[in-house]
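The values are calculated or read from the model by the stated rules, or taken from the named source; none is laboratory data. What you see is a predicted model; the values in this text were computed from it and never measured. All Cβ positions, glycine included, derive from the backbone under ideal geometry; neighbour counts span all protein chains shown. Surface accessibility is based on the protein's heavy atoms, side chains included, excluding ligands, DNA and RNA. Shrake-Rupley method; radii C 1.70, N 1.55, O 1.52, S 1.80 Å.
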Amino acid sequence: MQYEGRVFRPPSEAESLILQSTIGCSQNGCAFCSMYKEKRFRIRPAEDVCADVDEIAAGPWALAFSRVFLADGDALMRRTEEQLSIFSHIRARLPHCERITCYASPASIAAKTDAELAALAAGGLDMVYMGLESGSDKVLSRMNKGASAAEIIRAGQRARAAGLRLSVTAIIGLGGAEGSEEHAEKTGEALSAMQPEYIGLLTLMFEEDAPLTEDYRAGRFAPPDQAGILRELRTLIEHTDSEGSVLRANHASNYLNLRGTLNADKPRLLAELDAALSGRRALKAEWMRGL
C-alpha cells in the first residue's frame with residue numbers, strides 16, 4: 001500500500017491504520033496551514049480504498065490494527081453510500097477494528113442531511129475531527145477558514161445530534177496579540193455551544209509555505225508573546241463551559257502541557273496556568289516545540 005504525498009493524522013491516531021479515502025483538503029486555503037499544499041483535492045475510487053484494506057487483511061498486519069483513520073483532510077466529502085460501503089468492507093476484512101474516524105469540515109458536514117449523518121454513525125463511523133480554530137469571525141475571515149463561527153458550531157451540533165463523537169481543535173495565538181482576548185473568549189463560547197467529547201488546543205507556529213508566515217515576516221501579523229499565549233489559554237478555558245469534555249493541550253506546539261476533563265478540572269487547569277504565569281512552573285523550551 002502506497003500513500004500519495006504527505007499524510008497527516010491527529011495525535012490520537014498514532015497507532016491507527018491510515019487509509020487515504022480522499023487526497024488533499026477540500027478547503028486547502030487556511031492562512032495558517034501548509035498541509036496538503038502539493039495536492040489537488042479529489043476523492044479516491046472506492047475500489048482503490050477497499051483494495052488497500054484487502055492488502056492489509058491479507059498480510060501479517062491484519063490483526064495489528066484496532067483503529068482505522070480515513071485520510072486525507074476531509075474524508076467526509078465522499079458520497080454517503082460509498083462511505084457506508086467502505087465502512088462495511090473495513091469491518092468485514094478487519095474484524096479487530098474497533099473504531100473508524102476521519103477529519104471533517106463544516107462544509108462536508110453541511111453537505112450531509114441529518115439522515116445521512118445518522119446513517120454514517122450507525123454504519124461504522126465513530127468520530128469526526130473538526131477544526132474550529134477560532135470562535136471569532138474576524139479571525140476566521142482573516143485566516144480564510146471558509147466558514148463562520150455559527151456555521152462551524154452548527155456543523156458540530158449536527159454531528160453530535162446524529163450520534164457521532166466530536167473532537168474539535170482550536171489554535172492559541174491565532175488572533176494575534178491585538179485580537180487575543182476576543183479570540184480566546186469567542187473560542188471558549190463556541191466550544192461551549194458545541195459540547196464536544198474532545199477538545200484539542202494547539203499553539204500557533206509559523207510553517208513554511210503557509211501564507212500567515214509571510215505576513216509574520218513582513219510585520220503584518222504580530223503573535224502574542226509567551227506570557228500572552230498563556231493568558232489567552234487561561235481566558236479560553238475560563239470561558240469554556242462544556243461538561244464532560246476531555247481537554248488536551250499537550251500537543252508538541254504548546255508551551256505548557258495541560259490535560260483534564262471539563263468542567264470538573266477547570267479550577268486545577270487555571271491554577272496550573274497561574275503557576276506558569278508566575279514562574280512557578282517551567283515551560284517547554286522553544287526548540288522543543290513542533291508540529
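Restricting the search to region 53-67, which residues are in a loop (DSSP other than H, G, I, E, B) and open to solvent by 30 Å² or more (accessible area, probe 1.4 Å)?
From region 53-67, those in a loop (DSSP other than H, G, I, E, B) are 59-66; that's our starting set.
If the condition is that a residue be in a loop (DSSP other than H, G, I, E, B) and open to solvent by 30 Å² or more (accessible area, probe 1.4 Å), then Pro60, Trp61, Leu63, Ala64, Phe65, Ser66 are the ones that fit.
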- Message: Here are the criteria: (1) open to solvent by less than 10 Å² (accessible area, probe 1.4 Å); (2) over 15 Å from Ser134 (Cα atoms). Tell me which single one Leu277 does not satisfy.
- Response: (1)
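Has region 11-26 got at least one residue that is open to solvent by less than 70 Å² (accessible area, probe 1.4 Å) and at positive phi? Even if it seems obvious, please write down each step before you answer.
At the first step, the residues of region 11-26 found to be open to solvent by less than 70 Å² (accessible area, probe 1.4 Å) are 12-14, 16-26.
Keeping just the survivors that are at positive phi gives 24.
Yes, some residue in region 11-26 is open to solvent by less than 70 Å² (accessible area, probe 1.4 Å) and at positive phi.
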- Task: With a cut-off of at least 2 residues that are under 13 Å from the mean Cα position of the chain (by Cα) and among the polar types (S, T, N, Q), name the helices (runs of 4 or more DSSP H) lying wholly within region 70-139.
- Result: none
- Query: Does Leu120 satisfy the condition of being more than 22 Å from Gly29 (Cβ to Cβ), of a type outside the set (S, T, N, Q) and open to solvent by less than 10 Å² (accessible area, probe 1.4 Å)?
  - Reply: yes
- Item | Test: residue in region 12-21 that is in a loop (DSSP other than H, G, I, E, B) and either more than 23 Å from Ser253 (Cα to Cα) or among the aromatic types (Phe, Trp, Tyr) (or both) | yes
- Message: When the residues of region 224-261 are narrowed to those that are part of a loop (DSSP other than H, G, I, E, B), touching a helix residue (DSSP H, G or I) at 6+ places or on another chain (Cβ under 7 Å) and not hydroxyl-bearing (Ser, Thr, Tyr), which ends up farthest from Glu197 (Cα to Cα)?
- Response: Pro224
- With criteria (1) open to solvent by 10 Å² or more (accessible area, probe 1.4 Å); (2) in contact (Cβ under 8 Å) with a residue 60 or more places away in the chain; (3) farther than 30 Å from Leu256 by Cβ; (4) polar (S, T, N, Q), Ser167 comes up short on (3)
- Test: Thr213 is among the polar types (S, T, N, Q) and assigned to a helix (DSSP H, G or I): yes
- Being open to solvent by less than 80 Å² (accessible area, probe 1.4 Å) and either under 25 Å from Ser192 (Cβ atoms) or in contact with a helix residue (DSSP H, G or I) (Cβ under 9 Å, 6 or more places away or on another chain) (or both) is the filter here, so list the residues in region 280-291 that pass it. Leu283
- Note on the structure: Flagged pairs (Cβ under 7 angstrom, 6 or more apart or on separate chains; first in region 180-201, touching a residue at least 60 places away in the same chain (Cβ under 8 Å) and part of a loop (DSSP other than H, G, I, E, B); second open to solvent by 20 Å² or more (accessible area, probe 1.4 Å) and of a type in the set (Lys, Arg)) are Glu197/Arg165
- Count of residues meeting criterion [within 14 Å of Gln157 (Cα to Cα), hydrophobic (A, V, I, L, M, F, W, C) and surrounded by 23 or more Cβ atoms within 10 Å (Cβ to Cβ)] in region 94-117: 3
- Within region 238-274, tally of residues that are within 20 Å of Met205 (Cα to Cα) and open to solvent by 10 Å² or more (accessible area, probe 1.4 Å): 6
- Checking Tyr216 against (1) in contact with a strand residue (DSSP E or B) (Cβ under 9 Å, 6 or more places away or on another chain); (2) without any contact (Cβ under 8 Å) to a residue 40 or more places away in the chain; (3) of a type outside the set (Gly, Ala, Ser), which single condition isn't satisfied? (1)
- Query: Which residue out of Ser66, Ser16 is out of contact with any Gly (no Cβ under 7 Å at 6 or more places or on another chain), hydroxyl-bearing (Ser, Thr, Tyr) and without any contact (Cβ under 8 Å) to a residue 60 or more places away in the chain?
  - Reply: Ser66
- Message: Here's a check for you: in region 34-52, which residue that is charged (D, E, K, R), modelled with pLDDT of 95 or more and not in a helix (DSSP H, G or I) is surrounded by the fewest Cβ atoms within 10 Å (Cβ to Cβ)?
- Response: Arg42
